[in-house]
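**Student:** Structure in structure tokens, see below.
The values are calculated or read from the model by the stated rules, or taken from the named source; none is laboratory data. What you are looking at is a predicted structure, and each value in this text was computed from that prediction instead of being measured. Here the Cβ is made from the backbone with ideal geometry for all residues, glycine too, and neighbour counts use every protein chain on show. Calculation scope for accessible area: heavy atoms of the full protein, side chains included, ligands and nucleic acids excluded. Shrake-Rupley method; radii C 1.70, N 1.55, O 1.52, S 1.80 Å.
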Amino acid sequence: MPNAIVAENPSFNDLIAADADVTLLQGGFKFLEGPVWQDGRLIFSDIPADAMYAWSPEAGVKAYRSPSFRSNGNTLDLQGNLVSCEHGSRVVSVTVDDERKVLLDRFNGKLFNSPNDVVVRNDGSVWFTDPPYGLPADKRAELMEQEGKYVFCFDPNDGSLSKVASDFDMPNGLCFSPDEKRLYIADSGKPKHVRVFNVHGKTLEGGEVFARIEPGVPDGMRCDEHGNLWTTAGDGIHVYSPDGELLGKVLCPETPANTCFGGPNGTTLFMTAKTSLYAVETKVKGAPRPVK
Ligand code: MG
């Protein structure tokens with residue numbers, strides 16, 4: 001897709017070339033989400049198809065897991081294991097040596113709504129959002145066991161699971177700044193904005209509005225190595241500087257629900273956009289992944 005790069009600030013072209021092409025890697029899916037780069041391949045979810053796939057430059061798209069328990073967001077833990085939010089099973093799972101295990105299934109003895117997106121911090125803590133999107137819209141009131149739609153932090157060091165935010169309409173994508181002092185969280189419900197929190201251990205402070213998204217809503221997002229935030233929006237990816245200035249947009253033919261950096265050089269931006277997987281080459285890498 002030519003003319004996909006819209007600079008709102010001239011510095012945007014330091015991040016991505018003005019003539020960068022958004023490339024269709026493969027279409028024909030149902031609803032894609034959860035891209036994460038793992039060991040030379042992109043893992044991603046097709047939620048309604050109850051399947052996960054792996055894409056690599058050499059092999060294209062291959063089956064990865066089916067059923068996937070309608071997995072949505074994916075990330076890696078400090079050891080590089082896949083951590084997945086699952087709508088079907090209403091759990092957060094971890095896959096070690098190809099074996100899927102339930103990592104978390106309840107808070108205060110009650111089932112989660114439908115874990116949506118997840119990030120891991122450099123202390124190994126697992127932060128995830130729990131809106132009810134994975135429950136049938138007409139049965140949410142009946143099926144929701146949690147009193148609200150929370151953001152959670154799980155500390156594997158002491159096994160504690162705590163609620164870190166409870167004032168979202170629909171908490172959705174989330175992302176740490178490269179220094180992990182900030183956590184960005186999308187509210188894809190009525191507010192249609194991204195909020196920014198200061199992270200203190202296992203608690204959050206602040207939560208002011210960082211960016212209002214128009215058109216569409218924010219869902220998945222990632223930071224680049226310089227701390228710019230690349231968030232999904234109705235027309236593609238919107239890129240904000242750390243102080244909240246809109247630098248530019250990457251327009252996508254279909255609305256992306258999530259995005260991540262990866263590829264052989266770490267500079268490819270992948271977009272899981274409804275029925276298709278897209279990619280565009282940038283001039284930046286994603287924020288380094290925390291590792292043990
Ligand atoms: Mg999401």
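**Student:** Which members of region 220-231 meet the condition of being within 13 Å of the ligand (Cβ to nearest atom) and either open to solvent by 30 Å² or more (accessible area, probe 1.4 Å) or out of contact with any Cys (no Cβ under 9 Å at 6 or more places or on another chain) (or both)?
**Tutor:** If the condition is that a residue be within 13 Å of the ligand (Cβ to nearest atom) and either open to solvent by 30 Å² or more (accessible area, probe 1.4 Å) or out of contact with any Cys (no Cβ under 9 Å at 6 or more places or on another chain) (or both), then Arg222 is the only one that fits.
**Student:** Going by what's in this entry, would Gly148 be described as open to solvent by less than 20 Å² (accessible area, probe 1.4 Å), of a type outside the set (Ser, Thr, Tyr), in contact with a Ser or Thr (Cβ under 6 Å, 6 or more places away or on another chain) and not in a strand (DSSP E or B)?
**Tutor:** For Gly148, the condition - open to solvent by less than 20 Å² (accessible area, probe 1.4 Å), of a type outside the set (Ser, Thr, Tyr), in contact with a Ser or Thr (Cβ under 6 Å, 6 or more places away or on another chain) and not in a strand (DSSP E or B) - is met.
**Student:** Could you tell me whether Gly134 is within 13 Å of the ligand (Cβ to nearest atom) and not in a strand (DSSP E or B)?
**Tutor:** Yes.
**Student:** Does at least one position in region 41-59 carry a residue that is touching a Ser or Thr at 6+ places or on another chain (Cβ under 9 Å), among the small types (Gly, Ala, Ser) and within 15 Å of the ligand (Cβ to nearest atom)?
**Tutor:** Yes; the residues of region 41-59 include at least one that is touching a Ser or Thr at 6+ places or on another chain (Cβ under 9 Å), among the small types (Gly, Ala, Ser) and within 15 Å of the ligand (Cβ to nearest atom).
**Student:** Based on this model, can you work out whether Gly159 counts as surrounded by fewer than 16 Cβ atoms within 10 Å (Cβ to Cβ), modelled with pLDDT of 95 or more and either of a type in the set (Lys, Arg) or over 18 Å from Glu205 (Cα atoms) (or both)?
**Tutor:** So Gly159 fits the description; yes.
**Student:** Check region 203-218 and report whether any residue there is under 15 Å from Ala273 (Cα atoms) and within 14 Å of the chain's Cα centre (by Cα).
**Tutor:** yes
**Student:** Something else about it: How many residues are of a type in the set (A, V, I, L, M, F, W, C), surrounded by 24 or more Cβ atoms within 10 Å (Cβ to Cβ) and under 21 Å from Lys62 (Cβ atoms) when one looks only at region 270-292?
**Tutor:** Pass one, region 270-292, residues of a type in the set (A, V, I, L, M, F, W, C): 270-271, 273, 277, 279-280, 284, 287, 291.
Now drop any that are not surrounded by 24 or more Cβ atoms within 10 Å (Cβ to Cβ), which leaves 270-271, 273, 277, 280.
The next check asks that each one be under 21 Å from Lys62 (Cβ atoms); those that pass are 270-271, 273, 277.
Going through region 270-292 one residue at a time, the tally reaches 4.
**Student:** Next question. Considering only residues that are open to solvent by 10 Å² or more (accessible area, probe 1.4 Å) and part of a strand (DSSP E or B), look in region 250-269 and name the one that is nearest to Asn228 (Cα to Cα).
**Tutor:** Checking each candidate, the answer is Phe261.
**Student:** A follow-up question, please. Looking at Val164, Val217, Val196, which is the one that is of a type in the set (A, V, I, L, M, F, W, C), outside any strand (DSSP E or B), open to solvent by 10 Å² or more (accessible area, probe 1.4 Å) and under 21 Å from Gly73 (Cα atoms)?
**Tutor:** That would be Val217, the only listed residue that is of a type in the set (A, V, I, L, M, F, W, C), outside any strand (DSSP E or B), open to solvent by 10 Å² or more (accessible area, probe 1.4 Å) and under 21 Å from Gly73 (Cα atoms).
**Student:** Just to check your reading of the model, which residue among Ala63, Ala59 is aliphatic (A, V, I, L, M), open to solvent by 70 Å² or more (accessible area, probe 1.4 Å) and either farther than 21 Å from Pro288 by Cα or touching a residue at least 60 places away in the same chain (Cβ under 8 Å) (or both)?
**Tutor:** One residue alone meets the criteria, Ala63.
**Student:** Take Gly227 and decide whether it is out of contact with any Lys or Arg (no Cβ under 8 Å at 6 or more places or on another chain) and touching a residue at least 12 places away in the same chain (Cβ under 8 Å).
**Tutor:** Yes.
**Student:** May I ask you to verify whether Phe152 is of a type in the set (Phe, Trp, Tyr) and more than 20 Å from the chain's Cα centre (by Cα)?
**Tutor:** No: the conditions fail for Phe152.
**Student:** Condition (residue is charged (D, E, K, R), out of contact with any Asp or Glu (no Cβ under 7 Å at 6 or more places or on another chain) and either in contact (Cβ under 8 Å) with a residue 12 or more places away in the chain or more than 15 Å from the ligand (Cβ to nearest atom) (or both)) applied to region 255-278: is it met by at least one residue?
**Tutor:** Within region 255-278, not a single residue is charged (D, E, K, R), out of contact with any Asp or Glu (no Cβ under 7 Å at 6 or more places or on another chain) and either in contact (Cβ under 8 Å) with a residue 12 or more places away in the chain or more than 15 Å from the ligand (Cβ to nearest atom) (or both).
**Student:** Identify all residues within region 232-246 that are open to solvent by 20 Å² or more (accessible area, probe 1.4 Å) and in a loop (DSSP other than H, G, I, E, B); write none if there are none.
**Tutor:** Within region 232-246, Gly234, Asp235, Pro242, Asp243, Gly244, Glu245 meet the criteria.
**Student:** Please count how many residues of region 79-96 are open to solvent by less than 20 Å² (accessible area, probe 1.4 Å) and part of a loop (DSSP other than H, G, I, E, B).
**Tutor:** The qualifying residues number 2.
**Student:** To continue, here is another question. Of the conditions (1) touching a residue at least 60 places away in the same chain (Cβ under 8 Å); (2) in a loop (DSSP other than H, G, I, E, B); (3) within 16 Å of the ligand (Cβ to nearest atom), Gly189 clears all except one; give me its number.
**Tutor:** (1)
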